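The structure under discussion appears below in the form of structure tokens.
Read-outs: derived from the displayed coordinates by stated rules, not from any lab. What you are looking at is a predicted structure, and each value in this text was computed from that prediction instead of being measured. So basically every Cβ, Gly included, is an ideal-geometry build from the backbone, and we count neighbours across all protein chains shown.
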């Protein structure tokens, strides 16, 4: 039995006050223990970056422009793309197809922003020549975008590079194939000068296999093969050989781009639906002809850049779809016109496009003084040793451009990939990384396998040299994850519609008279405003909505500009992730 | 300064002299003159106070609670239904240890409608934690109003001073109104122990768990105990200033009495008269006036009633199912008196709903108390006609 | 810029502490945090019974860094009136005194005291954070519960019969200097209204819709989305009215079907398509009334 008197208040040291007056804050409650899921800041990859064949950090330079840091934006752009003034003009910009703004209003005019930055870069003094940190040298065959791209990145990685170009001037298809009205030669020349200033040696009028034997390349430690595709495919038009009126389109373009102004007659038919066809049509238009494009399928299947098709139409090019030329109509070797077969779309072929099949009783003829065929080009790989394996006329390469024979790498139109400037640049970059890795391995540096998952932007084919070389990102990224953010992960409610600035064009009346540049792009102010339209998909831009909406004050600003989630108080409600406009916060059970 | 005034105005004057800072009230008969006079005083500037003319007694007490936690001296007055409506907030003021002072003009509870006096309204609030002081005269009303603030602010408990409807509230008597400078010396400006302060932001009245609620109630009870001593000192000071003193309990002509009447409120004055007549006739009858109901003056009553033969408690109230409330409280207080000293206690219920308690009624009660050997029931209803 | 960056339009000072006891995803602490940011530290809070009585923390805690008085359910406006009078009696006319009540404490049990304070034009700001039922006691209907809603006292087989009480019209009828609706999904609008209210003297009333995941039967991370949908669908338009007559919309209300808003909440899951159509008609009719108020002042 206790002898303590329970009716006498005991001194407990608790000192309960006479009223319920607070003495502490609720910070004593670890309410974070309630959660079963927690937020994590994870910057993801914007779809534009993932869609860019070159591997440019588009979203990154948009952020920098938005912050008024234009010079850093230029540096970031050039670090992944040696020729933005060119790609800004001629790239088919798949980045814009990926742009999430399309779900709100229209995609950001990425190409125009890139072009404006590119022109700013060209106007600035060239950067210092990179240090020659490596003793090895690399030969590059072809000075198109693949070759120049590869050379540029190899130079930056510290190698000595010599580019061999068969033509009299560098540029490859940029110079031979792309008309001046799309890519002024002054821009091209300045861009190439700038690359030379960056330490690249370009030897023009040297055709490997003819002027220099393949074996002479043994003095280089590696070779990058990017000769382009210059052989026109056979048009298979009956009677084509019997007339000079049916000409390969690329040959015509090369002539015009070299300054010739051939007489095509009044009526020109261009056969094909790709960019070469559009370039032929619009060039022919500028030479005074009435131009009709004949294409086997419908507008939807045309491989040409839609903008190019649109501009061709605006300028007055006529189109006949679902028609295939079959035979030439000639008189005394002079072309009068071509017979065409009406087509209809059948089941899809291996490319996924519906295959055109002839319709019964569907023949007609089109008047033509000249027919330009633009139905594709093949590569001349005859200069290569037989051991370098090809397939369907293209070089077989691995993910980093390495052919079946070391130390030969390849890229551009000579390998199996989409034939675009951007894809060529991307191939050049991949091969530069492949070559660097190969030479390091050969030098016994044991670099280990290239972490492709890490150097790719979003896991598609492109790569980032900066990620490979470990350069510092001007935009701090929070726990970056190499996954493309989806529109569903984002919160559209926080964005307003802002109409896109469209490029400024010469009027159609002007263009027919000249080969001057058609598209003036955007003004600097407009380009900056376009950059500000960027949603920064997947990447925290410190908008602080997470902090504003957190019911638990569990998110605080870090000194470096990021945010800290105090897990002692985060209840895991997920409002931060749900309201993050750009999908840069994920809810996860990891780390609970 | 002597003035002839009704009891309600004695309350108003008491509040004026106490320099109340916030008044919040709602009209109810028979309280209205209290707040009418205060309205005039605030309007004419003689009382520098905020007067919140609320839409209910409930809000009147709520506003007083707010003003009090803001650190000011606050006052209200009400009656009957109004007091009942305040009930919840009476707990809030007391549990929050807020020294609000309120005058309750004792009025019987409806239905049926009644405006006349009895004590059921205030006694129904017995357990809300308010100090209750019952007054007999307008002078006592004035004095008690001022004392209530001093007492309330010393022990951080609210005080209800109580006066009978009409018999005091509307009846004019001369009142010696203490001069302001004297009252100021007696009752300085309130310095709140607990108050809302942005420089020291605290939360008041949050959820209290079982491990601390009881301690807070214990503190409240301790304050009630302390109030007994504090009231004595308050009266000491007031007596030094004015020469007037009432005591929690007053013994009137109790010397050698074998029968004591116990009263509160204005019945006391009638009883004094009857006692005087009986004493003049040689009868050993005395009177105990209970002023302080909470805290209950248990010790004083034991001392005064122990050893007396018979005690007649006059209750102008009824706890249905039991009896007169003062009688029950006193009966309980006397339980610990040694059996041989324990008086026979007669609990009379009378005067409900304002029924007149005349000298003749009290005479009858004295006779009835002497006539019976023991009361036949706990509650002896006086004058009921069926 | 396509996203309006609001971080610098929301004051940075944090007067609400972590560790409070709101359910995950609760809108009520978001509302309080934003309101206190707009009011600043020279503020006193009166808290009648509501979810916030718990959220504020049990003794000896407080989640607020300003003084807080817990009070009885129906007394918010009256206690605030008293505090304001007390402060003024002691010469402080600057401190902002607010009452912070739920819908029960405002629409129902506290309406009388609120009306009294409004009619007296007390110099206080009365906030109602409205989660559309008695959530703290376990989801019982209030007069703020919308038509058709399930609560524990309006079971799905016989859900809420009455439309939500038009508290704004009631407050406007008092012709108080300022009354407004606000939403946690529109933080700048909310903060600006509170900042505006702070500079006005006399009675001010701000009604904030506060979605409640357990009471509305929604996910914790849907709170802001639902608050936004309520505004966009015109279920809870953002408005302000000065002196009872000058009504104004303060946001875009594109309208569109209420159905997605209703169907997101399982408290409405028993409703048939016809019943949802009825809600739509009610919302449309009420919108007509509101636009007339804006147009004609009544």
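Quick notes on this structure:
- Convex hull per residue volume in Å³, alpha carbons only, for the protein assembly as shown: 251
- Relative contact order of segment C:1-141, pairs being alpha-carbon contacts under 8 Å that are 6 or more residues apart, as %: 23
- Whole-Å distance, taken between Cα centres, linking segment B:113-129 and segment C:162-230: 42
- Zero-based 10 Å bins, Cα pair distances in chain C, whole percents: 6, 29, 38, 22, 5, 0
- Distance between modelled label sites at residue B:193 and residue A:168, nm, 7 Å Cα→Cβ extension: 10.6
- Treating each Cα of segment A:21-100 as one equal point scatterer and applying the Debye formula with no solvent, the log10 of I(q)/I(0) at q = 0.12, 0.27 Å⁻¹ comes out as -0.52, -1.36.
- Förster radius 60 Å - calculated FRET efficiency between residue C:158 and residue A:7 (Cβ-Cβ, nearest 0.05): 0.65
- Once C-alpha pairs closer than 8 Å and six or more residues apart are averaged by separation and normalised to the residue number of segment C:97-168, the relative contact order reads 28 percent.
- Against chain B, whose longest principal axis comes from its Cα atoms, helix B:267-280 is set at around 30 degrees.
- DSSP-defined beta bridges in segment C:168-298 - what % are antiparallel, rounded to 5: 55
- The C-alpha atoms of segment B:122-216 occupy a region whose extents along the principal axes are 51, 35, 18 Å, arranged from largest to smallest.
- Computed Kirkwood radius, in angstrom, where 1/r is averaged over Cα pairs of chain A: 27.0
- Distance between the 7 Å Cα→Cβ label points at residue C:246 and residue C:94: 2.7 nm.
- Separation of the residue A:186 and residue C:8 label points, Cα + 7 Å toward Cβ, nm: 3.9
- The order of the peptides A:120-133, A:543-556 by mean Cβ neighbours within 10 Å, most packed first, is A:543-556, A:120-133.
- Residue A:566-residue B:303 FRET efficiency (beta carbon distance; Förster radius 60 Å; 0.05 resolution): 0.40
- Isotropically averaged projected area of chain B, using the convex hull of Cα atoms (one quarter of hull area), nm²: 20.3
- Normalised by the number of residues in chain A, the mean separation of alpha-carbon contacts (under 8 Å, six or more apart) gives a relative contact order of 23 percent.
- For segment B:280-355 versus segment A:517-576, the gap between their alpha-carbon centres in whole angstrom: 78
- Peptide ranges A:102-111, A:64-73, A:473-482 listed from the most packed, as the mean C-beta count within 10 angstrom indicates: A:102-111, A:64-73, A:473-482
- Percent of Cα pairs exceeding the 24 Å cut-off, where the set is segment A:79-236: 41
- The separation of segment C:119-142 from segment B:219-257, counted between C-alpha centres, amounts to 46 Å.
- Calculated FRET value between residue A:298 and residue A:132, using beta carbons and R₀ = 60 Å, to 0.05: 0.65
- 0 to 90° range, to nearest 10: angle between helix B:138-155 axis and chain B longest Cα axis: 60
- For the listed peptides C:77-89, A:79-91, B:321-333, C:232-244, a ranking on the average number of other beta carbons within 10 Å per residue, highest first, reads C:77-89, A:79-91, C:232-244, B:321-333.
- Put simply, segment C:140-267 fits an ellipsoid with semi-axes of 27, 17, 13 Å; these come from the alpha carbon gyration tensor as the roots of five times its eigenvalues, largest first.
- Within segment A:146-185, backbone nitrogen closer than 19 Å to the virtual label 7 Å beyond the Cα of residue A:205 toward Cβ: A:163-172, A:175-176
- Degrees separating the helix A:110-123 axis from the principal Cα axis of chain A, which is the longest one: 80
- Estimated from helical segments only, the mean residue ellipticity of chain A at 222 nm is -8000 deg cm²/dmol, where each DSSP H run of four or more residues counts as -39500 (n - 2.57).
- Most simply put, the protein assembly as shown has about 35% antiparallel DSSP beta bridges, counting only bridges with both residues inside it.
- Shielding of peptide C:39-46 by partners, expressed as the average count of other chain Cβ atoms within 10 Å per residue Cβ, is 3.
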